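The values are calculated or read from the model by the stated rules, or taken from the named source; none is laboratory data. Small disclaimer: the values here were computed from a predicted structure and weren't measured. Virtual Cβ from ideal backbone geometry, glycine too; neighbours counted across all protein chains shown. The protein model used for the area step is the full one, side chains on, heavy atoms only, and it has no ligands, DNA or RNA in it. Shrake-Rupley method; radii C 1.70, N 1.55, O 1.52, S 1.80 Å.
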Amino acid sequence: MTDTQFKQDQEFFMDPQRCIGCHACEMACAECETNGQIPMIHVDYVDRYTTVQTSVQVCMHCEDPTCAKVCPADAITRDEFGVVHTAKTDRCIACANCVMACPFGVPKKIETTQLMMKCNLCYDRTSAGRKPMCATVCPSGALWYGTREKMRELRPNSTPVNHFQFGMQSVKTKVNIMMPKGATKLVVD
Amino acid sequence: MLSTLNPVALLTATLATLALVASIFVGSRNLANFDAALVPYLFGCIFACFGVAYRYSVWLQRPPTWRYFVRGWQLLFSGRALVHGWELIKSFAVDFVGQRFIRNRGRVRGIGHMLMAGGCILAFGVTFPLVFGWIHFGLRPGGIDTYELYTFGFKTMEFPLHGWFAELIFNALNWAAILVIAGVVLLIRRRLTHAGQIAIQTFEGDWLPLLLLLAISVTGLGITLDYRFMRGEAHQFMAITHAITVILFLVWLPFGKFYHIIQRPAQLGVAVYRRAGTDGPQAVCPHTGEPFTSKMHTDDLKHVTKQLGFDYTLAGGSSHLDLSPQGKRAALAKAHLAARQESGAFFG
């Protein structure tokens with residue numbers, strides 16, 4: 001971890017509207033050896049009765065992560081690159097506080113191993129200068145990893161936003177969501 | 001630096017250390033049964049006691065930890081004390097003694113941890129009482145073939161000096177060292193071969209604890225091997241290197257990975273909390289219409305997040321935390337869809 005080649009000019013961009021529900025990202029995520037072959041990404045039907053819309057959710061890697069703050073065991077840490085790491089296996093006491101408090105609904109609790117697990121931005125790959133698995137396989141561009149300049153070229157009518165408003169709570173993240181051009185934040189209320 | 005000290009933790013740690021020192025005086029009968037050769041270990045233990053009590057106190061003062069701590073005791077002594085007590089015993093047997101959750105993370109990993117933990121617990125059980133002078137041995141007066149064991153100055157048992165029992169307990173630390181070495185070897189192998197671990201492991205967080213345990217065990221075994229096969233010629237070297245490694249362990253205990261030994265019992269409280277939650281009212285997600293956790297849990301989280309400076313209250317007065325994880329993801333997707341719809345284009 002100390003000898004890292006993490007590329008700080010590369011960013012993660014997420015566009016749920018582009019998700020076609022193919023689950024390729026889930027399969028790719030399960031290849032990540034840091035997860036023990038358990039996918040950390042969520043692909044959901046948003047409202048199965050009324051629409052076929054699917055949505056994808058990775059960890060947004062919050063600047064002030066609620067999951068880490070509510071952890072009673074200090075098991076979740078954020079590193080110098082802004083990556084919020086999955087729970088430390090020796091510390092996690094499987095209370096599920098992080099699972100219930102994350103505003104994006106990301107962490108998973110694995111009952112059999114009494115452990116919370118979440119996306120760590122494919123740290124085994126990104127720390128070696130590579131892209132996260134999910135972003136390399138997404139066929140529709142719902143998940144994309146690269147420079148901001150390249151993203152601007154690819155999506156001239158969208159703006160990457162990393163500011164979310166959940167009621168009274170403002171949350172800033174390392175991962176961006178693609179919003180209509182000119183938007184500054186996504187309000188969830 | 002003084003201004004950064006936590007006064008409550010400082011007081012707690014001071015009291016805990018004084019209590020330990022007092023128990024050493026009382027338990028060793030005013031140091032009459034204290035082994036002076038173990039003084040360096042004693043100072044290591046006293047430092048570890050202060051450090052562990054200080055860190056534990058600081059840790060308990062964090063809002064989520066405090067909430068669980070208080071709730072755990074409240075539930076244990078509530079009207080359902082028997083149910084919760086049974087849950088506590090079950091969790092202790094399955095998670096602590098059996099370490100099932102670690103075995104579920106990997107068979108070899110589980111075996112390695114079990115060997116290492118077993119060895120460490122055995123070593124703690126022997127070392128601490130000996131260092132504190134709480135137990136000591138002596139020859140039965142009038143003979144040279146029977147040993148007596150004294151605990152806190154009271155004779156508790158006697159046994160033949162050359163019997164199997166004597167062999168077993170006089171070598172307890174050697175058995176512990178063998179268990180620890182076997183466990184460490186299995187876990188070092190994992191750290192050398194598991195690609196995922198190689199990517200995220202750190203020297204100070206993952207390797208140093210294993211190497212330190214290995215050093216303690218090898219030097220400890222070395223003392224026995226030296227007097228058995230080398231006529232004690234390397235005794236001073238072995239004894240000093242062993243003392244150094246053990247004291248390093250004790251001094252590092254409050255700071256590094258070994259602190260999880262102290263922290264892990266919190267899992268027992270969580271087991272009781274979960275049982276009480278399962279038996280009580282459930283939180284139902286407004287999106288999925290399904291129960292997803294206990295109402296006590298969501299209520300506690302709302303309280304704790306407010307204490308931590310987060311406010312997830314929504315415009316209508318409800319909370320974003322009322323949603324299940326799936327509900328939260330759906331709320332985000334719906335908000336994103338609405339923003340795209342409003343802009344007149346779904347893609348851009």
*Taking the condition in contact with a helix residue (DSSP H, G or I) (Cβ under 9 Å, 6 or more places away or on another chain), of a type outside the set (A, V, I, L, M, F, W, C) and under 18 Å from B:Leu122 (Cβ atoms), does B:Thr224 pass?*
yes
*Which condition number in (1) farther than 30 Å from A:Val70 by Cβ; (2) facing chain B (nearest Cβ under 7 Å) is the one that A:Gly146 fails?*
(2)
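Has segment B:204-225 got at least one residue that is of a type in the set (Gly, Ala, Ser), surrounded by 14 or more Cβ atoms within 10 Å (Cβ to Cβ) and within 14 Å of chain A (Cβ to nearest Cβ)? Break it down into steps so the answer makes sense when it comes.
Keep residues of segment B:204-225 that are of a type in the set (Gly, Ala, Ser), which gives B:205, B:215, B:217, B:220, B:222.
Still in the list and also surrounded by 14 or more Cβ atoms within 10 Å (Cβ to Cβ): B:205, B:215, B:217, B:220, B:222.
Next cut, within 14 Å of chain A (Cβ to nearest Cβ) only: B:205.
Looking through segment B:204-225, at least one residue is of a type in the set (Gly, Ala, Ser), surrounded by 14 or more Cβ atoms within 10 Å (Cβ to Cβ) and within 14 Å of chain A (Cβ to nearest Cβ).
So, in segment B:26-72, of the ones that are of a type in the set (S, T, N, Q) and surrounded by fewer than 15 Cβ atoms within 10 Å (Cβ to Cβ), which residue ends up farthest from the other protein chains (Cβ to nearest Cβ)? Break it down stepwise before answering.
So in segment B:26-72, the residues of a type in the set (S, T, N, Q) come out as B:28, B:30, B:33, B:57, B:61, B:65.
Filter once more, so that each one left must be surrounded by fewer than 15 Cβ atoms within 10 Å (Cβ to Cβ): B:30, B:61.
Values: B:Asn30: 40, B:Gln61: 11 Å.
Per the criteria, the residue is B:Asn30.
Within the bounds of segment A:45-63, is there any residue that is closer than 22 Å to A:Gln169 by Cα and surrounded by fewer than 16 Cβ atoms within 10 Å (Cβ to Cβ)? Explain how you work it out, then say what you get.
Let us first name the residues in segment A:45-63 that are closer than 22 Å to A:Gln169 by Cα, namely A:57-63.
Next, from what is left, pick out any that are surrounded by fewer than 16 Cβ atoms within 10 Å (Cβ to Cβ): A:63.
Within segment A:45-63, one or more residues are closer than 22 Å to A:Gln169 by Cα and surrounded by fewer than 16 Cβ atoms within 10 Å (Cβ to Cβ).
Output the residues belonging to segment B:307-324 that are open to solvent by 20 Å² or more (accessible area, probe 1.4 Å) and touching a helix residue (DSSP H, G or I) at 6+ places or on another chain (Cβ under 9 Å). Even if it seems obvious, please write down each step before you answer.
Restricting attention to segment B:307-324, the residues satisfying the condition of being open to solvent by 20 Å² or more (accessible area, probe 1.4 Å) are B:307-309, B:311, B:313-318, B:322-323.
If the condition is that a residue be open to solvent by 20 Å² or more (accessible area, probe 1.4 Å) and touching a helix residue (DSSP H, G or I) at 6+ places or on another chain (Cβ under 9 Å), then B:Gln307, B:Leu308, B:Gly309, B:Asp311, B:Thr313, B:Leu314, B:Asp322, B:Leu323 are the ones that fit.
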_Candidate set from segment A:151-186 (those that are open to solvent by less than 30 Å² (accessible area, probe 1.4 Å) and of a type in the set (Val, Ile, Thr)); member that is farthest from A:Val106 (Cα to Cα)_ = A:Val161
*Looking at segment A:18-33, which of the residues that are facing chain B (nearest Cβ under 9 Å) and crowded, with 21+ Cβ neighbours inside 10 Å is farthest from A:Arg125 (Cα to Cα)?*
A:Cys19
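Quick one: is A:Arg125 open to solvent by 10 Å² or more (accessible area, probe 1.4 Å), within 11 Å of chain B (Cβ to nearest Cβ) and in contact with a Lys or Arg (Cβ under 9 Å, 6 or more places away or on another chain)? Walk me through it before giving the result.
Numbers: open to solvent by 10 Å² or more (accessible area, probe 1.4 Å): yes; within 11 Å of chain B (Cβ to nearest Cβ): yes; in contact with a Lys or Arg (Cβ under 9 Å, 6 or more places away or on another chain): yes.
It is true that A:Arg125 is open to solvent by 10 Å² or more (accessible area, probe 1.4 Å), within 11 Å of chain B (Cβ to nearest Cβ) and in contact with a Lys or Arg (Cβ under 9 Å, 6 or more places away or on another chain).
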_Scan segment B:93-103 and tell me whether some residue there is open to solvent by less than 90 Å² (accessible area, probe 1.4 Å), farther than 30 Å from B:Leu192 by Cα and either part of a helix (DSSP H, G or I) or out of contact with any helix residue (DSSP H, G or I) (no Cβ under 7 Å at 6 or more places or on another chain) (or both)._
yes
*For B:Ile178: the one exception among (1) over 27 Å from B:Phe92 (Cβ atoms); (2) open to solvent by 80 Å² or more (accessible area, probe 1.4 Å); (3) within 23 Å of the chain's Cα centre (by Cα)*: (1)
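Tell me which residues, restricted to segment B:64-85, are assigned to a helix (DSSP H, G or I) and hydroxyl-bearing (Ser, Thr, Tyr). Before you say what the answer is, go through the steps one by one.
As a first pass, look at segment B:64-85 and keep what is assigned to a helix (DSSP H, G or I): B:64-76, B:81-85.
Matches in segment B:64-85: B:Thr65, B:Tyr68.
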*How many residues does segment B:264-306 hold that are open to solvent by 10 Å² or more (accessible area, probe 1.4 Å), at the interface with chain A (Cβ under 8 Å from one of its Cβ atoms) and of a type in the set (A, V, I, L, M)?*
1
_Residue pairs, Cβ under 6 Å, 6 or more apart or interchain, first in segment A:127-148 and within 19 Å of A:Pro39 (Cβ to Cβ), second of a type in the set (A, V, I, L, M) and open to solvent by 60 Å² or more (accessible area, probe 1.4 Å). List them._
A:Ser140/A:Ile20
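Taking only segment B:247-265 into account, find how many residues are more than 17 Å from B:Leu60 (Cα to Cα), assigned to a helix (DSSP H, G or I) and within 13 Å of the chain's Cα centre (by Cα). Quick ask: steps written out before the conclusion?
Applying the first criterion (more than 17 Å from B:Leu60 (Cα to Cα)) to segment B:247-265 yields B:247-253, B:256-258.
The next check asks that each one be assigned to a helix (DSSP H, G or I); those that pass are B:247-252, B:257-258.
Still in the running and within 13 Å of the chain's Cα centre (by Cα): B:257-258.
Number satisfying all stated conditions: 2.
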*Condition test on B:Ala32, is it part of a loop (DSSP other than H, G, I, E, B) and of a type outside the set (S, T, N, Q)?*
yes
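Within segment A:156-182, which residues are facing chain B (nearest Cβ under 7 Å) and touching a strand residue (DSSP E or B) at 6+ places or on another chain (Cβ under 6 Å)? Can you show your working first?
Step one: filter segment A:156-182 for residues facing chain B (nearest Cβ under 7 Å), giving A:157-158, A:166-169, A:177, A:179-181.
Hits for segment A:156-182 are A:Ser158, A:Phe166, A:Gly167, A:Met168, A:Ile177, A:Met179, A:Lys181.
Scan segment A:37-51 for residues that are free of Cβ contacts under 8 Å to residues at least 12 places away in the same chain and more than 7 Å from chain B (Cβ to nearest Cβ) and jot them down.
Residues of segment A:37-51 that are free of Cβ contacts under 8 Å to residues at least 12 places away in the same chain, as a first pass: A:37, A:46-51.
Within segment A:37-51, A:Gln37, A:Arg48, A:Tyr49, A:Thr50, A:Thr51 qualify.
Just for segment A:67-105: of the residues that are of a type in the set (Val, Ile, Thr), open to solvent by less than 30 Å² (accessible area, probe 1.4 Å) and over 21 Å from B:Arg274 (Cβ atoms), which one is farthest from the other protein chains (Cβ to nearest Cβ)?
Let us first name the residues in segment A:67-105 that are of a type in the set (Val, Ile, Thr), namely A:70, A:76-77, A:83-84, A:86, A:89, A:93, A:99.
Next cut, open to solvent by less than 30 Å² (accessible area, probe 1.4 Å) only: A:70, A:76, A:83-84, A:93, A:99.
With the extra rule that they be over 21 Å from B:Arg274 (Cβ atoms), the set shrinks to A:83-84.
Values: A:Val83: 10, A:Val84: 13 Å.
Among residues in segment A:67-105 that are of a type in the set (Val, Ile, Thr), open to solvent by less than 30 Å² (accessible area, probe 1.4 Å) and over 21 Å from B:Arg274 (Cβ atoms), the one farthest from the other protein chains (Cβ to nearest Cβ) is A:Val84.
Please tell me if A:Thr2 is open to solvent by 20 Å² or more (accessible area, probe 1.4 Å), under 15 Å from the mean Cα position of the chain (by Cα) and either at pLDDT below 95 or within 11 Å of another protein chain (Cβ to nearest Cβ) (or both). Reasoning before the result, please.
Details: open to solvent by 20 Å² or more (accessible area, probe 1.4 Å): yes; under 15 Å from the mean Cα position of the chain (by Cα): no; either at pLDDT below 95 or within 11 Å of another protein chain (Cβ to nearest Cβ) (or both): yes.
Taking the combined requirement at face value, the residue does not satisfy it.
Just the residues that are surrounded by fewer than 17 Cβ atoms within 10 Å (Cβ to Cβ) and either touching a residue at least 12 places away in the same chain (Cβ under 8 Å) or within 14 Å of another protein chain (Cβ to nearest Cβ) (or both), please, taken from segment B:244-261. Talk me through it step by step, then tell me what you get.
In the first step, residues of segment B:244-261 are kept if they are surrounded by fewer than 17 Cβ atoms within 10 Å (Cβ to Cβ); the result is B:244, B:248, B:251, B:255-256, B:261.
Result: B:Leu248, B:Val251, B:Phe255, B:Gly256, B:Ile261.
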